[in-house]
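Here's the structure we're looking at; comments come further down.
The values are calculated or read from the model by the stated rules, or taken from the named source; none is laboratory data. Quantities reported herein were computed from a predicted structural model and do not represent experimental measurements. Reconstructed Cβ throughout: ideal geometry from the backbone, glycine too, with neighbour counts over all protein chains shown. Side chains are part of the model used for accessible areas, which takes the heavy atoms of the whole protein and leaves out ligands, DNA and RNA. Shrake-Rupley method; radii C 1.70, N 1.55, O 1.52, S 1.80 Å.
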Amino acid sequence: MSAPTMWQRYERVGFSLGMISSVIVCIAYLLNIFPMPQIDDWMKKCLFILRGELQPTDEIVIVAIDNESIKRLGRFPWRRKLHADLLRQLRTAKAVVMDIMFVEADKEHPEDDIELAKAISECGNVILPMLRLDEPTAKTKSEEKAFNTAVKKSAYYAPEDCSKSFKERLTALASTMPLLLKAPIETFTKGCHSVGVAFAYPDLWNIYRHIPLGIPVESSDPQGSLFVVPSVVLEAARVAMGISKNDVSFAEGGVNFGGKFIQAKGVNWLMEINFAGGKGAFTQFPYHAILSGDIKRREFDGKVVIVGFTAEGLYDIRPSPFSQHTYGSEIIANAIHTIISGQHFKHTPKGIPMLIALIISALLSFVLLRANPLLSLLSMIMLICGITFVALKLFSLRLLLDVSPLYGSTVLSYALITAWGYFGVGREHRRIKEMFALYVSKEVAERLARYPELAALGGEEREISVLFVDIRNFTETMQRLGAKRLVRLLTEYFTEMSEIVKRHGGFVDKFIGDEVMALFGAPLPIEKHALSAVMAALEMRAVTEKLSKQWRERGEPELKVGIGVATGKASVGNFGAVDRFQYTALGDAVNLAARLQAMTKEVGATILVCERTAKDVEGVVELKPVGELKVRGFSEPVKAFEVVGITKGNDANEAT
């Protein structure tokens, strides 16, 4: 089995770097190592903006405690009898979420609590929130009783059919939550429809996109039992959709909700809110306008109503994907809208983005190994745009695809492969190009640098054509010249000969005194190397005649050359000492070409070729047999032919 070429090694290393990039990215993704979670959270915000706002349902409205209401009704908190009056105006609504905390009795106006409790009970559609404390706090007996009443009234049983790790985490959280949650006072809890939690969680960019659908708690009634307190969002949606409590259950990975399954993560069932819009997306009615009768009761018939704050200074403002200043009641409205409209998101399994990341790295490795730096950069940018487009399309179908492994593998693969290509392969590419640039055309040097195995570094037997061209009577003619004149004339002559060789796809092997040795078919293979060599010889003859005329006009010596061309097997490659070597050719074809060049003067010809070369150019070049010549170093006579010119009907350019 032959050793892999440099290009094959380049491909293998590049592919390996791409795969390593994917593995690193996928591990970081699985372990939530920076910056993977940050990329996913940032991208989800961007996807909302790219998708744009939706048309929210008019079944959800907000009763706003706004600046004008504060101005007319006085500084908040207001007396609770106002809330009682409001609820009576909202009794035809399907559900009323009071985003106001009533966790302590009104000791100054106890009659207001009685009035509000009566209104809550009469309406029968009121959902009250629990207060989430910043630190665990022991409860008083009345608070404990209110909490147990709320749990008994509204909570669901915790899931039993779940994994061991999920159960352990569920139990651990449930043991701490009773000290962090504070229920509404018992008189309110008894008369309301249900009680729930009403807070959202920010992501790593402080964007409030998640809302818990339930919080596990331990209740002392009965002792040690695990329950799940639902969110006001889930309860409002359930009531609005007419779903029985028996048709709702919490499970590992989500909530069974009236025959549908809502995906939700973790032991607090975090649901991704599919925001319909930001600030002002849902219809708002001023609190004071409802009390005054300016807004009629029929505006709320059959709707979900959220009573919350929009006034400045009440600090219920949160960043959302569409706005940095979204009111808490609007976040709740978006969450309820997500469930009611059936537009809750589904998450793709983690294995899918990781598999795609591996495929991306493999494809990118293939492209980067074959493209120039600009095309490589454009390929990476186009790939990132393609990933974004696919993610946006899936997002519009309510399918969440984590893009961090895809972006990560794209960028890291590009960085590693490009860096290695520049500092590793690029250095070798430039070295080879510089090594051959003086002896072959730029195109050939570039190809050799890209495919150095074509030069067969180390030696390879190959059929080639060899050309020797020598100045006749060089010693006699040139010894009369001074060193400066000699150098100038030889430089002019060698430059012309070298350019001719390069034009015909040849390789200038070396300069030996006044002699030039050129190879055709090495280091790069040429299909018609014999014809290329002979055409180069003909051009050399024509150029030397022209050059000789110019020299005579300048008072310089006459220039005459002899050219020998031979075709055959030769060993080509780098030959020499360990620390000093040269790319050249060795073999009978080289020796024969040199001998034929030396014999041109004897037979009175400018260009002599061997029999094998003559066969390869027959029909294109006019040849004249000169007979069999006794060539030094060869045991048998060698048939030789003089090259007269190009046959009639052939074009010099088309011939090669």
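The residue of segment 545-568 that is farthest from Phe507 (Cα to Cα), among those that are part of a helix (DSSP H, G or I) and of a type outside the set (Phe, Trp, Tyr), is Glu553. A Cβ distance below 8 Å, combined with a sequence gap of six or more or placement on separate chains, defines the contacts here; from segment 616-642, residues that are open to solvent by 80 Å² or more (accessible area, probe 1.4 Å) reach residues that are polar (S, T, N, Q) and outside any strand (DSSP E or B) in the pairs Glu622/Thr647. It is to be established whether one or more residues within segment 162-180 are more than 44 Å from the chain's Cα centre (by Cα) and crowded, with 17+ Cβ neighbours inside 10 Å. Scanning segment 162-180, I find at least one residue that is more than 44 Å from the chain's Cα centre (by Cα) and crowded, with 17+ Cβ neighbours inside 10 Å, so the answer is yes. Applying the condition of being without any contact (Cβ under 8 Å) to a residue 40 or more places away in the chain and among the aliphatic types (A, V, I, L, M) to segment 85-126 and asking which residue is farthest from Tyr315 (Cα to Cα) yields Ala119. Of all residues in segment 580-615, those that are at pLDDT below 90 and surrounded by 19 or more Cβ atoms within 10 Å (Cβ to Cβ) total 2.
Please verify whether Asn268 is within 30 Å of Leu392 (Cβ to Cβ), assigned to a loop (DSSP other than H, G, I, E, B) and touching a strand residue (DSSP E or B) at 6+ places or on another chain (Cβ under 6 Å), treating the condition exactly as stated. The answer is yes for Asn268.
Got at least one residue in segment 296-309 being without any contact (Cβ under 8 Å) to a residue 40 or more places away in the chain, within 24 Å of Thr92 (Cβ to Cβ) and part of a loop (DSSP other than H, G, I, E, B)? Within segment 296-309, one or more residues are without any contact (Cβ under 8 Å) to a residue 40 or more places away in the chain, within 24 Å of Thr92 (Cβ to Cβ) and part of a loop (DSSP other than H, G, I, E, B). Could you grab me the full set of residues in segment 594-631 that are closer than 22 Å to Met517 by Cα, small (Gly, Ala, Ser) and touching a helix residue (DSSP H, G or I) at 6+ places or on another chain (Cβ under 9 Å)? Listed by number, the residues that qualify are Ala605, Ala614.
The condition of being open to solvent by 40 Å² or more (accessible area, probe 1.4 Å), outside any loop (DSSP other than H, G, I, E, B) and not hydrophobic (A, V, I, L, M, F, W, C) holds for only one of Lys145, Lys107, Lys139, that being Lys145. Scanning segment 322-371 for residues that are open to solvent by 80 Å² or more (accessible area, probe 1.4 Å), at pLDDT 95 or above and in contact with a strand residue (DSSP E or B) (Cβ under 8 Å, 6 or more places away or on another chain) yields one hit, Lys346.
Residues checked against (1) at pLDDT 90 or above; (2) open to solvent by 50 Å² or more (accessible area, probe 1.4 Å):
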{"position": "Val516", "(1), (2)": "yes, no"}
{"position": "Phe520", "(1), (2)": "yes, no"}
{"position": "Pro525", "(1), (2)": "no, yes"}
{"position": "Ala536", "(1), (2)": "yes, no"}
{"position": "Pro557", "(1), (2)": "no, no"}
{"position": "Lys560", "(1), (2)": "yes, yes"}
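Scanning segment 372-389 for residues that are surrounded by fewer than 14 Cβ atoms within 10 Å (Cβ to Cβ) and without any contact (Cβ under 8 Å) to a residue 40 or more places away in the chain gives Asn372, Leu374, Leu375, Leu378, Ile381, Met382, Cys385, Gly386, Phe389.
Restricting segment 499-514 to residues that are of a type outside the set (A, V, I, L, M) and under 14 Å from Val469 (Cα atoms), the residue that is surrounded by the most Cβ atoms within 10 Å (Cβ to Cβ) is Gly506. Does segment 72-89 contain any residue that is open to solvent by 50 Å² or more (accessible area, probe 1.4 Å) and in contact with a Phe, Trp or Tyr (Cβ under 7 Å, 6 or more places away or on another chain)? No: segment 72-89 contains no residue that is open to solvent by 50 Å² or more (accessible area, probe 1.4 Å) and in contact with a Phe, Trp or Tyr (Cβ under 7 Å, 6 or more places away or on another chain). Report yes if Phe76 is part of a loop (DSSP other than H, G, I, E, B) and either free of Cβ contacts under 8 Å to residues at least 12 places away in the same chain or of a type in the set (A, V, I, L, M) (or both), otherwise no. The answer is no for Phe76. Residue count for segment 8-34, restricted to those that are surrounded by 17 or more Cβ atoms within 10 Å (Cβ to Cβ), over 12 Å from Ile360 (Cα atoms) and of a type outside the set (A, V, I, L, M, F, W, C): 3. Here Ser571, Ser532 are screened, and the one residue that is over 30 Å from Arg485 (Cβ atoms) and outside any helix (DSSP H, G or I) is Ser571.
Matching residues to (1) more than 60 Å from the chain's Cα centre (by Cα); (2) in a loop (DSSP other than H, G, I, E, B); (3) under 14 Å from Ala566 (Cα atoms):
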residue	(1), (2), (3)
Gln597	yes, no, yes
Thr600	yes, no, yes
Ala605	yes, yes, no
Arg612	no, no, yes
Lys615	no, no, yes
Glu622	yes, no, no
Val626	yes, no, no
Val631	yes, yes, yes
Phe634	yes, yes, yes
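The rows are residues; the columns are (1) at pLDDT 95 or above; (2) part of a loop (DSSP other than H, G, I, E, B); (3) of a type in the set (Lys, Arg).
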{"residue": "Ile49", "(1), (2), (3)": "yes, no, no"}
{"residue": "Gln55", "(1), (2), (3)": "no, yes, no"}
{"residue": "Asp58", "(1), (2), (3)": "no, yes, no"}
{"residue": "Val61", "(1), (2), (3)": "yes, no, no"}
{"residue": "Glu68", "(1), (2), (3)": "yes, no, no"}
{"residue": "Arg72", "(1), (2), (3)": "yes, no, yes"}
{"residue": "His83", "(1), (2), (3)": "yes, no, no"}
{"residue": "Ala93", "(1), (2), (3)": "yes, yes, no"}
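Restricting the first member to segment 583-606 and to residues that are farther than 11 Å from Asp470 by Cβ and of a type in the set (Lys, Arg), and the second to residues that are in a loop (DSSP other than H, G, I, E, B) and open to solvent by 20 Å² or more (accessible area, probe 1.4 Å), the beta-carbon pairs closer than 8 Å and six or more apart or on different chains are Arg595/Arg632; Arg595/Gly633; Arg595/Phe634. Going by what's in this entry, would Tyr201 be described as at pLDDT 95 or above and either open to solvent by 10 Å² or more (accessible area, probe 1.4 Å) or among the charged types (D, E, K, R) (or both)? Against the criterion (at pLDDT 95 or above and either open to solvent by 10 Å² or more (accessible area, probe 1.4 Å) or among the charged types (D, E, K, R) (or both)), Tyr201 does not qualify.
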